[in-house]
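*Asks:* Before anything else, here's the structure in question.
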Amino acid sequence: MRVLAMAAVVLLALSTLVSPAQAAQVSRQEMITRAKSWLTANNGRPVPYSQTSFWGAERYRQDCSGFVSMAAKLGAPGQRTVELAQAPFSTSIAMSDLRWGDIVVDSIGTGDTRHVVIFEKWADPYKTAYHAYEQRDVHGTTYRVLRYGLGGDQYVARRLTNVTG
């Protein structure tokens, strides 16, 4: 009886996970619109950062990978940074090939050091910096100019497989 009860719990937990094949398609425009929504979703303020709390009716984690999962409609509570940085959720691209809605991710390290952001556009014609949305400790949801992945760090560019356009 105990084995059957444990099997039921495992099946229930697995049924809440979203595989890339089950993930809804999302356009680049919709992904950016969804990311932007968290800048003011907290009564006009950014959604606060948390690795253990969940936001809104959709119940996504309030950390960086939960935020990216929310924007990309990957299913609540969201994938982890390591999963977002691997097939089948994303494919590798060159930093110079980034398009709005792509991600820049550092999936190496611990849950406190890994990070992922959503690329929007280049900040200059030389591609030395870019505008991105991110969910970060202390600040919550932000939109700012970044240089992650442009030298001297472990960040790489990835294209989510369910993002269209």
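*Asks:* Considering only the range 123-137, state which residues are among the hydrophobic types (A, V, I, L, M, F, W, C) and surrounded by fewer than 16 Cβ atoms within 10 Å (Cβ to Cβ).
*Replies:* Of everything in the range 123-137, just one residue is among the hydrophobic types (A, V, I, L, M, F, W, C) and surrounded by fewer than 16 Cβ atoms within 10 Å (Cβ to Cβ), namely A129.
*Asks:* So for the range 60-76 (the condition being free of Cβ contacts under 8 Å to residues at least 24 places away in the same chain and out of contact with any strand residue (DSSP E or B) (no Cβ under 9 Å at 6 or more places or on another chain)), does at least one residue qualify?
*Replies:* no
*Asks:* Pick out the one residue from S92, S96 that is part of a strand (DSSP E or B) and among the small types (G, A, S).
*Replies:* That would be S92, the only listed residue that is part of a strand (DSSP E or B) and among the small types (G, A, S).
*Asks:* What number goes with the only condition from (1) among the hydroxyl-bearing types (S, T, Y); (2) within 17 Å of A157 (Cβ to Cβ); (3) open to solvent by 10 Å² or more (accessible area, probe 1.4 Å) that S90 does not pass?
*Replies:* It fails just one condition, (3).
*Asks:* How many residues does the range 43-53 hold that are touching a residue at least 24 places away in the same chain (Cβ under 8 Å) and either under 14 Å from the mean Cα position of the chain (by Cα) or exposed (fewer than 15 other Cβ atoms within 10 Å of the Cβ) (or both)?
*Replies:* The qualifying residues number 3.
*Asks:* Shifting gears a bit: Do we have R34 as open to solvent by 80 Å² or more (accessible area, probe 1.4 Å) and either touching a His at 6+ places or on another chain (Cβ under 6 Å) or not aromatic (F, W, Y) (or both) here?
*Replies:* Answer is no for this residue.
*Asks:* Sort out which residues of the range 138-157 are in contact (Cβ under 8 Å) with a residue 40 or more places away in the chain, open to solvent by 30 Å² or more (accessible area, probe 1.4 Å) and not in a loop (DSSP other than H, G, I, E, B), and write them in order of number.
*Replies:* Y143, V156
*Asks:* Something else: Within the range 130-139, does at least one residue satisfy the condition of being within 13 Å of the chain's Cα centre (by Cα) and either farther than 22 Å from V47 by Cβ or at pLDDT below 95 (or both)?
*Replies:* Within the range 130-139 (the criterion being within 13 Å of the chain's Cα centre (by Cα) and either farther than 22 Å from V47 by Cβ or at pLDDT below 95 (or both)), the answer is no, since none of the residues qualifies.
*Asks:* Condition first: out of contact with any Leu (no Cβ under 7 Å at 6 or more places or on another chain) and under 17 Å from T164 (Cα atoms). Now tell me which residues in the range 80-103 satisfy that.
*Replies:* Residues satisfying the conditions are L84, A87, P88, T91, S92, I93, D97, L98, R99, W100, G101, D102.
*Asks:* So which residues in the range 58-84 are among the hydrophobic types (A, V, I, L, M, F, W, C), surrounded by 23 or more Cβ atoms within 10 Å (Cβ to Cβ) and part of a loop (DSSP other than H, G, I, E, B), if there are any at all?
*Replies:* A72, L74
The values are calculated or read from the model by the stated rules, or taken from the named source; none is laboratory data. Bear in mind that the values here come from a model prediction, so they are computed numbers and not experimental data. Cβ coordinates were reconstructed from backbone atoms using ideal geometry, including for glycine residues, and neighbour counts include every protein chain displayed. Note: accessible area is taken over every heavy atom of the protein model, side chains too, but ligands, DNA and RNA are not part of it. Shrake-Rupley method; radii C 1.70, N 1.55, O 1.52, S 1.80 Å.
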